[in-house]
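The values are calculated or read from the model by the stated rules, or taken from the named source; none is laboratory data. Here the structure is a predicted model, which means the values were calculated and not measured. We place every Cβ from the backbone using ideal geometry, glycine too, and count neighbours over all the protein chains shown. These area figures cover heavy atoms from the full protein model, side chains too; ligands, DNA and RNA do not enter into them. Shrake-Rupley method; radii C 1.70, N 1.55, O 1.52, S 1.80 Å.
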Amino acid sequence: MSGAIPVPKGKETSRTSWLAAAGLLVLAAALCLGGPSVAGADPGELQMVRQAIKAKGAKWQAEETPISKLGKEARRKRLGLLEAELPPTGAEAPAGTAASPVGTAPASLDWRSFNGMNYVTPVKNQGNCGSCWAFAAAACLESQILLGKDMPGATANVSEQALVSCSGAGSCGGGTISGASNYIRDVGLPVEACFPYTASDASCGEACLTCKTETATIFGWHYATAVNPTVEAVKNALATYGPLVATMTVYGDFYYYRSGIYSYTSGTAQGGHAVLIVGYDDPGQYFIVKNSWGTSWGEQGYFRIAYSQLNSVVYFARYTIAYEGWRGDPDNPPEPACSYSLSASGQTFPATGGEGSVGVSAGSGCTWTAASNAAWITLAGSGGTGSSAVAFQVAANPSKFTRTGTLTIAGQTFTVTQKGARVSKK
């Protein structure tokens, strides 16, 4: 005999009706309480992610987030990068896909606080539309505008909807960063007010009349990395051109990211995603990245990701695009962002003195100055442009005590230590 509760004859129809009505009430209540969460995440998924983080020794924290609370289909609509294709030949993808080197990039860089100035615009939210590709490209253009105008912290708010509805590079069903970048180069983007974002495949005809004429554009773009990225290539491109459009593969654990340095721990591949790299940190071995899921996700809308994820299933920065200047004045393109580093941090000399030199790594066209902060150290020059070397001379030390002086070169400090003279015993 089964464990089912027997139903008296003649009652089957009323029981079925009652169950159907109850089901409708439960569904209606669920809709009222959260919409997409009707088909929401497995409540045990967060615990599994935390266990995977602990088991793999990962350095990030998982919590429920506005994205993890969504159903599977709604989550995937927060992505949107279509299958990447190899870089095309031609002007937009020269044979050498790495950015022009700047020598040794600095140990850390954050375009949100570059020399105390912010060249990154506020985090936005793509909503229920697979338009990450449009948000990453638009964010890169906005940073180029701030860099080109040399107006850190200023307002630069271009229309992502123009890319979704007018560019042909994609839709809410997904798109490509190369197509978006071509449109920004050839046509440009108007201000947000011209075509406000609706998270939909709205008609381009809904934009203002100057949607394709009063726009911000770029001089060009190129792949800074393609297929086989390296940390140094990404760092050099960031230091030379500013924030970069980048691709990655999102896995289930990423939806739960709250803080720390992300590395893959668990879950299946959800789809391709496009983001904006705004910085990096060598001591911590991570990149700093701007997402398009609003400020309630991650670290106020940003995340940090380990260098190691370039060579993991995440394929972070497999394709990275650099924009080559904002076309505010076509006849006078802005110089690339300048970054400087020295070949050494200091040098030691005997009491008799001597000659020395220190190498300076800088981008082409980047000027710098050099100055001595000690009377006994004489510089051969006062500065230069691009990568070069600074020669200097150290006078003899008449004292028996060791002395220290410094040189300020390209904003960096170089320390000169000189031993004291030996005093002969009588």
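Observations
- For the stretch 179-252, taking the reciprocal of the average inverse distance between every pair of different Cα atoms yields a Kirkwood hydrodynamic radius of 15.0 Å.
- The alpha-carbon of Lys419 sits under 22 angstrom from the alpha-carbons of these lysines, leaving out residues fewer than 8 places away in its chain: Lys400.
- Accessible-area order (highest first, 1.4 angstrom probe) of the listed residues Val231, Val49: Val231, Val49
- Cα shape, the stretch 230-368, gyration tensor, a/c 1.5 rule: oblate
- Each peptide in 371-383, 158-170 gets a packing score, the mean of other Cβ atoms within 10 Å over its residues, and the list from highest to lowest is 158-170, 371-383.
- A 1.4 Å probe run over the protein chains yields, for the stretch 153-221, 39 Å² of accessible area per residue, whole-number rounding.
- Taking a ≥ b ≥ c as the square roots of the eigenvalues of the Cα gyration tensor, the stretch 342-409 is classed as prolate, since a/c reaches at least 1.5 and a/b is larger than b/c.
- Rounded percent of accessible protein surface that carbon and sulfur make up, the stretch 130-187, 1.4 Å probe: 44
- Radius 13 Å from Cβ of Cys208, net charge of other residues (Lys, Arg +1; Asp, Glu -1): -2
- Accessible area per residue, Å², the stretch 352-426 with all protein chains present, probe 1.4 Å: 57
- Here is the list for the stretch 390-420: trypsin sites (Lys or Arg not before Pro) lying in DSSP coil, each with at most 13 other C-beta atoms within 10 angstrom of its C-beta, are Lys400.
- Once Rg and the Kirkwood radius are both taken over the C-alpha atoms of the stretch 124-206, their ratio Rg/Rh works out to 0.95.
- Measuring only protein heavy atoms, the 1.4 Å probe finds Thr367 accessible over about 90 Å².
- For the pair Thr295 and Asp110, the difference between a 0.36 nm per residue extended length and the Cα-Cα distance amounts to 64.8 nm.
- Contour minus Cα-Cα distance for Asp150 and Gln393 (0.36 nm per residue): 83.8 nm
- For the set Lys54/Lys77; Lys212/Lys235; Lys235/Lys290; Lys149/Lys290, the pairs lying more than 26 angstrom apart at their alpha carbons are Lys54/Lys77; Lys212/Lys235.
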